[in-house]
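Let me begin by presenting the structure, written as structure tokens, before commenting on it.
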Amino acid sequence: MVERPEIEPSKQCRIYKAPHPLRKWNKEAYTPQVVSIGPFHHKNERLKAMEEHKERYFRSFVKRSEINLEYLVGRIREMEESIRGCYEETIDLTSDRFVKMILVDVVFILELFIRESSISLICDDPNVVEPRSTAVRLDLLLLENQLPFFVIKKLYDLAFPSLSDYGGLLKLSFYYFGYFNMQFIQATPNVKIEHFTDLIRTFQLPPLEKQARRNSELIKHLYSATQLHEAGVKFEVGTSKCYFDIKFEKGVLKIPSIELNDMTEVVTRNIMALEQTRYIENAYFTDYFFFMDLLIDTKEDVHLLCDKKILVNYLGDNNAATLMINSLNKGIIWTTMRDDYINLCKELNSFYENPWHRRKATLKREYFSTPWRTASTAAAIILLFLTFIQTIFSIIPAVKAK
């Protein structure tokens with residue numbers, strides 16, 4: 001133990017396993033279902049079937065790139081120590097097995113990206129057509145299923161030097177994971193990522209200059225969506241492409257629309273796990289789902305947000321959506337939170353606790369919630385007014401007589 005050489009942690013990239021307090025709530029969300037990439041799930045017997053596909057991809061890539069195999073092996077061997085330093089845990093593989101694993105997995109990713117970008121030419125490949133293509137794509141964004149991006153880029157540049165000047169690998173990565181690029185971020189030299197989980201998080205974040213300041217104060221309480229609605233808060237769909245851009249102005253809470261589907265929990269959990277291990281001081285993605293968790297307590301809250309088109313629920317029923325959102329923050333630790341969300345919650349709580357807002361909302365709900373109720377209320381007011389006038393006119397002669 002004393003004599004074993006120490007692996008220096010990498011400064012370029014760090015790849016962690018999902019923390020146990022998160023993993024225990026849904027371990028399947030962090031575990032690849034089809035293909036193992038990197039060392040953490042390399043020995044998973046359930047994923048061995050994909051190894052044959054990797055070998056076929058490897059042979060195809062070597063022919064495509066016309067690069068010397070020994071040269072490729074040599075480049076990976078030169079980077080072996082820095083690659084090992086990227087992983088949180090010591091990797092119990094010999095040098096030869098480690099180098100082979102990294103090389104085969106890198107080549108699998110590169111060949112897959114190339115095939116995906118020219119799918120019409122290889123339509124018989126099960127890895128780039130449904131239903132497997134979605135499963136493979138989902139596996140490639142899992143936190144525990146990552147390779148350092150700099151290693152993949154190094155081999156891409158060696159194999160295709162004429163394309164590397166144009167951001168070739170980054171563009172291929174953006175294309176492959178384009179479904180998650182809701183803000184249409186461009187693949188420019190300014191985009192710096194450590195691995196593909198990091199890329200998916202980057203897709204969700206606003207530009208650096210628009211990211212909110214953070215505070216050590218934490219949100220402790222927020223009234224639920226239905227409670228706020230009963231107090232008169234109006235809910236509307238925000239127009240921003242960034243999920244996090246939530247605004248409360250003049251009694252209207254605007255939240256951008258978000259889809260809840262079979263992929264949502266897997267993607268969300270892995271980005272939150274990344275923030276817990278790598279971006280604990282800048283956990284913007286985690287902040288958003290914490291806010292949504294506070295807003296949603298029951299299926300009625302989900303129903304309200306679905307009715308307002310803020311949530312688009314493909315999970316089958318509102319109970320499933322409620323359960324998913326309420327479980328995401330279990331085991332999460334916060335050290336800071338964005339300032340604007342803290343202020344937002346204070347404003348919403350203050351709005352709810354104002355008695356006038358609740359009375360006005362109750363009056364509107366009881367007497368003006370539908371056209372029929374509005375008409376009935378108006379008729380009742382007119383009738384009351386006429387009755388009052390009639391009473392006045394009946395009293396006037398009596399007063400004059402006296």
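The values are calculated or read from the model by the stated rules, or taken from the named source; none is laboratory data. Note that the coordinates shown come from a computational prediction; the quantities given were computed from them, not determined experimentally. Positions of Cβ are generated from backbone atoms using ideal geometry, with glycine treated the same way; all protein chains shown enter the neighbour counts.
Remarks
- Of everything in segment 84-99 that is in a helix (DSSP H, G or I) and out of contact with any helix residue (DSSP H, G or I) (no Cβ under 8 Å at 6 or more places or on another chain), the residue that is surrounded by the most Cβ atoms within 10 Å (Cβ to Cβ) is Arg97.
- Qualifying positions in segment 212-241 - acidic (Asp, Glu) and in a loop (DSSP other than H, G, I, E, B): Glu217
- In the set (1) among the small types (Gly, Ala, Ser); (2) surrounded by fewer than 16 Cβ atoms within 10 Å (Cβ to Cβ); (3) farther than 30 Å from Lys308 by Cα, Ser173 fails one condition alone, (2).
- Contact map, segment 55-67: first residue in the same structural domain as Leu155 (by TED's automatic domain parsing) and under 16 Å from Asp157 (Cα atoms), second residue surrounded by 13 or more Cβ atoms within 10 Å (Cβ to Cβ) and small (Gly, Ala, Ser), Cβ cut-off under 7 Å, separation 6 or more or different chains; pairs are Ser65/Ala159; Ile67/Ala159.
- Any hit, segment 276-298, residues being over 28 Å from Ala18 (Cα atoms), free of Cβ contacts under 8 Å to residues at least 40 places away in the same chain and not assigned by TED's automatic domain parsing to the domain that holds Lys24: no
- Listed by first and then second residue, the pairs with beta-carbon distance under 9 Å, at least 6 apart or on different chains, first residue in segment 72-89 and at negative phi, second buried (at least 18 other Cβ atoms within 10 Å of the Cβ) and acidic (Asp, Glu), are Cys86/Glu194.
- Extreme residue, surrounded by the fewest Cβ atoms within 10 Å (Cβ to Cβ), among residues of segment 245-280 that are of a type outside the set (D, E, K, R) and assigned to a strand (DSSP E or B): Val252
- Among the residues making up segment 281-298, those that are buried (at least 17 other Cβ atoms within 10 Å of the Cβ) and in contact with a helix residue (DSSP H, G or I) (Cβ under 7 Å, 6 or more places away or on another chain) are Ala283, Phe285, Thr286, Asp287, Phe289, Phe291, Met292, Asp293, Leu295, Ile296.
- Evaluation of Ile246 against the conditions (1) of a type outside the set (Phe, Trp, Tyr); (2) within 22 Å of Leu170 (Cβ to Cβ); (3) touching a Pro at 6+ places or on another chain (Cβ under 9 Å) shows that the sole unmet condition is (2).
- Filter pass, Glu51 being in a helix (DSSP H, G or I), among the charged types (D, E, K, R), in contact with a helix residue (DSSP H, G or I) (Cβ under 9 Å, 6 or more places away or on another chain) and not assigned by TED's automatic domain parsing to the domain that holds Met272: yes
- Counted residues, segment 299-308 - those being surrounded by fewer than 17 Cβ atoms within 10 Å (Cβ to Cβ) and touching a residue at least 60 places away in the same chain (Cβ under 8 Å): 1
- Only residues that are more than 20 Å from Tyr175 (Cβ to Cβ), surrounded by fewer than 20 Cβ atoms within 10 Å (Cβ to Cβ) and either touching a residue at least 12 places away in the same chain (Cβ under 8 Å) or of a type in the set (Phe, Trp, Tyr) (or both) were counted across segment 101-145, and they come to 2.
Residue-wise test of (1) among the polar types (S, T, N, Q); (2) farther than 23 Å from Leu274 by Cα; (3) in contact with a helix residue (DSSP H, G or I) (Cβ under 6 Å, 6 or more places away or on another chain); (4) crowded, with 18+ Cβ neighbours inside 10 Å.
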| site | (1), (2), (3), (4) |
| --- | --- |
| Thr197 | yes, no, yes, yes |
| Arg201 | no, no, yes, yes |
| Pro207 | no, no, no, no |
| Ala212 | no, no, yes, no |
| Asn215 | yes, no, yes, no |
| Ser224 | yes, yes, yes, no |
| Lys234 | no, yes, no, no |
| Val237 | no, yes, no, no |
| Lys241 | no, no, no, no |
